[in-house]
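The block underneath contains the structure these notes are about, expressed in structure tokens.
The values are calculated or read from the model by the stated rules, or taken from the named source; none is laboratory data. Owing to the predicted nature of the structure, the values given are computational and were not obtained by experimental measurement. Using ideal geometry, Cβ is built from the backbone for each residue, glycine included, and neighbour counts are taken over all protein chains shown.
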Amino acid sequence: MKKIILATAVLTMLSGCAAIDKQITSKETLQKKASQALGVTADTIEISNIEGNFGQVDFDATVNNTVYQCYYTTGVAVKSDAICNTKNGESVDNSCNALLSAAGKC
């Protein structure tokens, strides 16, 4: 019984974090998160359709008339990087990002 109560409390807290995070996260913050995932500058991204749900914030990022579905996860004090895919489900090819380039891997 204690495990069920603890699990319920944790799940409630996590779902609340995403709902709260959706309310306090600015479009500029989402542009920065999406720019890192998409490999473009933040000022070229339009953000729309922001939704906060169970431990995750979903949003659309539009770059040059291409719409990407993006999300990041959130917890008590931790937020992940954004992950973006095109609307047709194709993943974004970031096979040569700044870190890989600096390491000479691309």
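For residues that are touching a strand residue (DSSP E or B) at 6+ places or on another chain (Cβ under 8 Å) and more than 12 Å from ALA34 (Cα to Cα), scanning just region 58-84, find the one that is surrounded by the most Cβ atoms within 10 Å (Cβ to Cβ).
THR74
Output yes when any residue across region 75-84 is among the charged types (D, E, K, R), within 19 Å of ILE47 (Cα to Cα) and at pLDDT 85 or above, and no when none is.
yes
If we keep just the residues of region 42-57 that are β-branched (Val, Ile, Thr) and surrounded by fewer than 17 Cβ atoms within 10 Å (Cβ to Cβ), which is farthest from LEU30 (Cα to Cα)?
That would be THR44.
Is at least one residue of region 33-40 part of a helix (DSSP H, G or I), at pLDDT 50 or above, among the charged types (D, E, K, R) and surrounded by 15 or more Cβ atoms within 10 Å (Cβ to Cβ)?
Pass one, region 33-40, residues part of a helix (DSSP H, G or I): 33-38.
Now restrict to residues that are at pLDDT 50 or above: 33-38.
Add one more test, that the residue is among the charged types (D, E, K, R), and what stays is 33.
Applying the additional criterion that residues be surrounded by 15 or more Cβ atoms within 10 Å (Cβ to Cβ) yields 33.
Yes, region 33-40 has at least one match.
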